[in-house]
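The values are calculated or read from the model by the stated rules, or taken from the named source; none is laboratory data. A quick note: this is a predicted structure, and the numbers were derived from the prediction, not measured. Cβ atoms come from the backbone with ideal geometry, glycine included; neighbour counts cover every protein chain shown. Side chains are part of the model used for accessible areas, which takes the heavy atoms of the whole protein and leaves out ligands, DNA and RNA. Shrake-Rupley method; radii C 1.70, N 1.55, O 1.52, S 1.80 Å.
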Amino acid sequence: SFSSSFSLSRQNGPSIMITNSSIGDPIDEHYSLGVATKLGSLYEEGNVNVTMKRNSGSNSNSNSRRNSAKGLTPQPKRNPFIGSTQVATFLSFKSFSMPRPSRSYSIDSMLSTREHHDAHKNLSPLAKLFAVLFGHKEEDKFSHVKEKYKSICYGSVYQDMDSPLSHYFISSGHNSYLSGNQITSKSGSTPIAIALCDKCRVIELDVWNGRNEPKVVHGRTMTRSKKFSYCVRILKKYAFSFSEYPLILTLEIHCNKENRLKMAEILNEHLGDLIVRHEESKNWKSYPSPSQLKNRILIRAKRSTGESQNLTRKITKHIKMRRGSQADDDVVGIAKLEPLFELISIPNIKYNSNMSPEAEPSSSSKGESSFEDLQQQPELAIKYTQSHLLRTYPSGMRFDSSNYDPNIAWSFGSQLVALNWQTPGPQMWVYKGMFQDNGGCGYIKKPNWMLEEDVKIPYELAEPKFILNVKVLSVRHLNGKTIRERTVQINIYGAPKDIYSEKTSSIRAYDCGTWDQEFVFKLRCPELAVLLFTLTSGAQDKHSGHAAIHLHNLHQGQFRLLLLNQKGLRYRGSKKHLSLIVELKIHQATLSQIKN
């Protein structure tokens, strides 16, 4: 029963009047319903004033007179855009927010601020308003994501950033395009944007053959796909929003030759000179430093597929039968068969712990199932990672996108410890706590002992070398509605012999609470350790906030730790100042302390 004529006005501003005389037309009725639904949402939120004009045939006045005659109480004011035929439609759009131009409120001026003005210039007034309400620029879609992560302060970069790339732990993601589990979730650009805004510096894309162009999808599962070009555009948009240090794009290529050519075209079109190409990397004796690669993108992948390997093998056999300089020309021709492989600066090869440090810088991958073998001889893996990159990733049996303990992989030198970014939990909190250090740039310098020629692993020592004193003093700004049981869980995630778990006593608190309890931990390798505080509430230990601290170069004294929600973001509203007061001290262990 909504009218075909209504107006939208802003406070202290001009109005936009939309009139649609042919409400009976199916197309116009559809547009009117869509616009009315949107305006209804804005009306509910108090963002606009809406003036309705009933149709001449409306029986609203007669209904009012009939109710008055019967002595019925008038109904309270309600949203005029909600009717029995559109309630469900309205609810699905409730979070919509109207674009707010800075100077003018006319529809034409709103469209003139967009890149697609020419496409809308011949539209009717109603269609123009519909374009304003529904038409969003693609790159503005994730502006809210950037705002969330801007509020997290990481300080500034203070570590040496002039060493080879292989001398750093690098914040890395696994299947960065997935929004949920590994079997049925949606592939999209939102998880990529979130990971980049959260300082992730290694993005992984699985690329398969698509109908018109390559697609990004977790192969041989029921996950939904996304166009490769769309993912690359989002990658470019957010690659250096929060960190200027190099971004590594890991590609798992499952495409035929036609789609590999399209991949090369897409990467060249959107990333262009940002890419470090094989022509530039083929003369590297060791990896350049993060400082040398600022605002550059390195592509990490195999330089050949099964199809191209067979082709290369056949042509190479033919070349061996020939003589002279013509053979060299043919070898060059083979390289030009695959333009995509010319964009790869970090070749991914099979792991070989005995590879010479003088060999061309390369990269290898090891799954979670290989961790036990790598831990048996950590010296070999650590020596390998002094010159080459090693990526670790979750087990294929983690269908729910759960994560492993990243400290296990860090302990044998793996630089690219890939986690499922979409899954919150202690492992992800510890991971983010580690990379909050060094200004949150996504790069953490390895401990010095991992870079020495004669590797001596400190966590294999019989006795600890350091003592960490942790005193939990109090919690502030709980802003709870009821008095509840409050507990703080203290965990240390570190090298194999530096793993601890303690818990404070339970107190009943509403807004503030005090424990004043002290705990002592003996550490062998604090450079790899992360201290995690988790505030829990109620009998079931419900998560109320957490804070994680990398113990490397820890300052001693009292700290006010701002607690984060499960997604690793600051709380908003009444809990935005929720914090834990602690006192931390770390020092060399004396002989008496070791014995005790």
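Based on the alpha carbon coordinates of the range 464-503, what radius of gyration and maximum Cα-Cα distance (Dmax) apply, in Å?
Looking at the range 464-503, its Cα Rg and Dmax stand at 14.6, 45 Å.
In whole Hz and in residue order, list the ³J(HN,Hα) couplings for the range 439-454 that follow from phi through the Karplus curve 6.51 cos²θ - 1.76 cosθ + 1.60, θ = phi - 60°; x for Gly and Pro.
Once θ is set to phi - 60°, the couplings for the range 439-454 become x, x, 7, x, 10, 10, 5, 5, x, 4, 5, 6, 9, 7, 5, 9 Hz.
Give the accessible surface of the range 403-448 per residue, rounded to a whole number of Å², with probe radius 1.4 Å and ligands, DNA and RNA excluded.
17
In debye, nearest 20: dipole of the range 451-596 around its Cα centre with unit charges on the Cβ of K, R (+) and D, E (-)? Show your work: numbers first, answer last.
Details: 21 positive and 14 negative charges, 188 e Å.
With only Lys, Arg, Asp and Glu charged at Cβ, the dipole is about 900 debye.
Once neighbouring chains are kept in place and the probe is 1.4 Å, which whole percent of the accessible area of the range 189-308 is contributed by carbon and sulfur?
The computed percentage sits at 44.
Run through the range 334-413 and list the chymotrypsin sites (Phe, Trp or Tyr not before Pro) located in a DSSP loop whose Cβ has at most 16 other Cβ atoms within 10 Å.
Phe399
Sorted by packing (mean other beta-carbon atoms within 10 Å per residue), highest first, where do 172-181, 267-276 land?
Final packing ranking: 172-181, 267-276.
Given H placed on each backbone N at 1.01 Å, which residues far from Gln415 in sequence or on other chains put an amide H within less than 5 Å of it?
Result for Gln415 returns Leu390.
Past 28 Å, Cα to Cα: identify those pairs from Lys215/Lys237; Lys445/Lys497; Lys285/Lys445; Lys186/Lys503; Lys215/Lys285; Lys237/Lys302, in the order given.
Lys186/Lys503; Lys215/Lys285
Taking loop as defined by DSSP and a crowding limit of 13 other beta carbons within 10 Å, which trypsin sites (Lys or Arg not before Pro) in the range 329-432 fit?
On the way: sites: Lys336, Lys350, Lys366, Lys383, Arg391, Arg398, Lys432; in loops: Lys336, Lys350, Arg398.
When the trypsin sites (Lys or Arg not before Pro) of the range 329-432 are filtered for loop state and at most 13 Cβ neighbours within 10 Å, Lys336, Lys350 remain.
Quick one: which residues, 5 or more positions from Thr250 or on another chain, have an amide H under 5 Å from its amide H? H modelled 1.01 Å from N in the peptide plane, none for Pro or chain starts.
The answer is Ile203, Glu204, Leu205, Arg300.
Any idea how far the Cα center of the range 420-445 sits from the one of the range 507-543, in Å?
19
Normalising by the residue count of the range 401-504, find the relative contact order in percent from Cα pairs under 8 Å and 6+ residues apart. Could the numbers behind the result be given before it?
Values: 69 pairs, mean separation 24.4, N = 104.
With pairs under 8 Å counted, the relative contact order is 23 percent.
Taking the solvent-accessible surface of protein heavy atoms with a 1.4 Å probe, what is the per residue accessible area of the range 464-596 in Å²?
Normalised by residue count, the accessible surface of the range 464-596 is 50 Å².
At 1.4 Å probe size, with the rest of the protein present, what percent of the exposed accessible area of the range 499-586 is carbon and sulfur atoms?
That fraction is 46 percent.
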